[in-house]
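Working notes, beginning with the structure itself.
The values are calculated or read from the model by the stated rules, or taken from the named source; none is laboratory data. These numbers come from a predicted model, not from an experiment. When we count neighbours, we look across all protein chains shown, and the Cβ atoms used for this are built from the backbone with ideal geometry, even at glycine.
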Amino acid sequence: MEKKIAVIRGDGIGPEIVGQALKVLDAVAVKYGHRFIYEDVLMGGAAIDAYGDPLPPEMLSKCRRSDSVLLGAVGGPKWNDVPGDKRPEKGLLRLRAGLEVFSNNRPAKIWKQLANASPLKPAIVEKGIDFIIVRELTGGIYFGEHKTESVNGEQVSTDILKYSESEIARIGRIGFETAAKRRKKLCSVEKSNVLDSSRLWKKVMHKLAEEYPEVELSDMLVDNCAMQIVKDPSQFDVIVTENMFGDILSDEASMITGSIGMIPSSSLGSGTCGLYEPIHGSAPDIAGQDIANPIGTILAAAMMLRFSFDMPKEADDIENAVSKTLDLGFRTGDIMPKGENGLTLCGCSKMGEEIIKNIG
């Protein structure tokens, strides 16, 4: 099978971690007889330096013509003083809009080899952490009207939280379909005791549930969900929620797994072309030192194979190779416990090499 992948190496550690992910994809391609064609795309700070624009139209066109997009990370202090509409992060927002992706899917999984890195009590971690947060990405308060005005002699700011039935239904379907492929449990998170938008959210989700009788739907208020994620994360399979709630909960969930360097994410729309990236930033302070953890990006590539290219065996191979490499004791600095004997500290490129060795 042949697939074209738009590759955004990005800024900071982006080129290093993406480079290792591409090597892993190449190993998978050799094993299964696939052909992955990579087309480099500039976005973020690199694009600002080259074009004065965080995402030039021709770069967006390359992404739209691809079968999927693999992204490292963008941004850094070098571009802090550029105008707001030219900041590296604006390129990411325009990319999401241009690809028409509206669902951000972020796994929260504790690898058994890293269980002692979680800040949660061992008794909680032992029950297991393996769930996905499906976050609506292009609506809600982040995309509503924002204004600040003078009222009776003082500044008053307003941010509008708005959702339509169709917006809720399309992200709801992603939630149900994701749960149907996992343990068939979906938790819909909202604030229906206070917000009209959440009451509509709950109504639409329950109507959708009729189409997915095999999936068990539950409702949870967002404040309770934030507590339950640290009290008993094993209860969750798939969480679906609106934009702001998902932004906050997914960051909380990433911390209970021990290291953000291990976590991938995907952004999907109604088609198969998606945006795949690790959740961490560009870490400019360690760029170019070959010490970054590439596993989040490598696992993002595995998600691309699974969800966009319908290659579940290939994705399993990558995930199993990561697990075996951790079993063998290889650790980058961010996942290396202090005073631990019997483990091998390695850099970005060495971690990639060891994972490739373990692709069975």
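Of all the residues in segment 250-307, those that are acidic (Asp, Glu), part of a helix (DSSP H, G or I) and either outside the structural domain of residue 238 (by TED's automatic domain parsing) or more than 25 Å from residue 233 (Cα to Cα) (or both) number 1. Checking each residue of segment 292-308 against the condition of being surrounded by 23 or more Cβ atoms within 10 Å (Cβ to Cβ), closer than 12 Å to residue 14 by Cβ and of a type in the set (Ser, Thr, Tyr) gives at least one match. Taking each residue of segment 165-177 that is not assigned by TED's automatic domain parsing to the domain that holds residue 274 and looking for partners that are assigned to a helix (DSSP H, G or I) and not aromatic (Phe, Trp, Tyr) with beta-carbon atoms closer than 6 Å, six or more apart or interchain, yields 165/204; 168/204; 169/204; 172/205; 172/208.
Counting only residues that are β-branched (Val, Ile, Thr) and more than 24 Å from residue 353 (Cα to Cα), which one in segment 16-75 is farthest from the chain's Cα centre (by Cα)? Restricting to residues being β-branched (Val, Ile, Thr) and more than 24 Å from residue 353 (Cα to Cα), the top hit is 48.
You will find that of 256, 263, 279, the residue that is of a type in the set (Val, Ile, Thr) and under 20 Å from residue 353 (Cα atoms) is 263 and no other.
Against the condition crowded, with 21+ Cβ neighbours inside 10 Å and either of a type in the set (Gly, Ala, Ser) or more than 15 Å from residue 178 (Cβ to Cβ) (or both), how does residue 265 come out, does it pass? Spelling it out, residue 265 is indeed crowded, with 21+ Cβ neighbours inside 10 Å and either of a type in the set (Gly, Ala, Ser) or more than 15 Å from residue 178 (Cβ to Cβ) (or both). Is it the case that residue 204 is surrounded by 15 or more Cβ atoms within 10 Å (Cβ to Cβ) and in contact with a helix residue (DSSP H, G or I) (Cβ under 6 Å, 6 or more places away or on another chain)? Spelling it out, residue 204 is indeed surrounded by 15 or more Cβ atoms within 10 Å (Cβ to Cβ) and in contact with a helix residue (DSSP H, G or I) (Cβ under 6 Å, 6 or more places away or on another chain).
Please tell me if residue 112 is within 30 Å of residue 356 (Cα to Cα) and in the same structural domain as residue 336 (by TED's automatic domain parsing). In short, yes.
Here's the yes/no breakdown for (1) touching an Asp or Glu at 6+ places or on another chain (Cβ under 9 Å); (2) under 19 Å from residue 201 (Cα atoms):
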{"position": "240", "(1), (2)": "yes, yes"}
{"position": "246", "(1), (2)": "yes, yes"}
{"position": "254", "(1), (2)": "no, no"}
{"position": "278", "(1), (2)": "no, no"}
{"position": "284", "(1), (2)": "yes, no"}
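Of the candidates 270, 218, 259, 234, the single residue that is of a type in the set (Gly, Ala, Ser) and buried (at least 17 other Cβ atoms within 10 Å of the Cβ) is 259. Here segment 101-112 is the region considered, the condition is being touching a strand residue (DSSP E or B) at 6+ places or on another chain (Cβ under 9 Å) and outside any loop (DSSP other than H, G, I, E, B), and the residue that is farthest from residue 276 (Cα to Cα) is 109. Is it the case, given these coordinates, that residue 193 is polar (S, T, N, Q), more than 30 Å from residue 88 (Cβ to Cβ) and at pLDDT 95 or above? For residue 193, the condition - polar (S, T, N, Q), more than 30 Å from residue 88 (Cβ to Cβ) and at pLDDT 95 or above - is met. Scanning segment 116-142 for residues that are crowded, with 16+ Cβ neighbours inside 10 Å and assigned to a loop (DSSP other than H, G, I, E, B) turns up 118, 120, 129, 137, 138, 139. Within segment 272-306, restricting attention to residues that are of a type in the set (D, E, K, R) and at pLDDT 95 or above, which residue is nearest to residue 18 (Cα to Cα)? Within segment 272-306, the match that is nearest to residue 18 (Cα to Cα) is 277.
Anything in segment 178-220 that is farther than 14 Å from residue 241 by Cβ, in a loop (DSSP other than H, G, I, E, B) and without any contact (Cβ under 8 Å) to a residue 40 or more places away in the chain? List them, or say none. Within segment 178-220, 181, 193, 194, 210, 211, 212, 213, 214, 215 qualify. If you go through segment 307-360 and keep only what is acidic (Asp, Glu) and under 22 Å from residue 16 (Cβ atoms), you end up with 319, 334, 353, 354. Kindly evaluate residue 17 against the criterion of being of a type outside the set (Ser, Thr, Tyr) and either touching a Phe, Trp or Tyr at 6+ places or on another chain (Cβ under 9 Å) or surrounded by 24 or more Cβ atoms within 10 Å (Cβ to Cβ) (or both). The answer is yes for residue 17.
Search segment 50-68 for residues that are in the same structural domain as residue 269 (by TED's automatic domain parsing) and surrounded by 13 or more Cβ atoms within 10 Å (Cβ to Cβ) and pair each with any residue that is in a helix (DSSP H, G or I) and acidic (Asp, Glu) when their beta-carbon atoms are under 8 Å apart and the residues are at least 6 apart or on different chains. Qualifying pairs under 8 Å: 54/89.
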